[in-house]
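Below: one structure, written as structure tokens.
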């Protein structure tokens, strides 16, 4: 197993579990298909990702909106992307053009962490060395 330096970043995309309130103040749950479709689209673009949907004890987000503290319950989509301005631009456009509409939100929060190193573990035999310098 070897730590590889890479030019990748990890992006955490917060996806709401509930739509914004309707005209009656009611919040309806987002359908599972929206999460699956989003994960599939991200996977096709970047080669994979991990979708965390918490049915109990979900992460909560807080923010200010016009002087009022708002709260949301989130699912989380984690994806490693090339650490480039093109990837950042694509994600911003995707969030603006697709996710805001699909999840009926005013904004989508993404956290960009990078660059990151990766460790890939494969199902193969690794020859041991006497000094263990290549662990």
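The values are calculated or read from the model by the stated rules, or taken from the named source; none is laboratory data. Keep in mind that this is a model prediction, so the values were computed, not measured. Heads up, the Cβs are rebuilt from the backbone with ideal geometry, glycines too, and the neighbour counts pull from every protein chain shown.
Figures for the structure shown
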read-out	value
Whichever residue in region 72-82 is farther than 16 Å from residue 34 by Cα and in contact with a helix residue (DSSP H, G or I) (Cβ under 9 Å, 6 or more places away or on another chain) and, among such residues, is surrounded by the fewest Cβ atoms within 10 Å (Cβ to Cβ)	82
Scan of region 88-104 for residues that are under 13 Å from residue 41 (Cβ atoms), touching a strand residue (DSSP E or B) at 6+ places or on another chain (Cβ under 9 Å) and surrounded by fewer than 17 Cβ atoms within 10 Å (Cβ to Cβ), ordered by number	90
Residue count, region 88-111 (criterion: in contact (Cβ under 8 Å) with a residue 40 or more places away in the chain and farther than 14 Å from residue 12 by Cβ)	8
Evaluation of residue 85 against (1) modelled with pLDDT under 85; (2) loosely packed, with under 10 Cβ neighbours inside 10 Å (one fails), failing number	(1)
Some residue of region 30-47 being in a strand (DSSP E or B), modelled with pLDDT of 85 or more and over 15 Å from residue 113 (Cβ atoms)	no
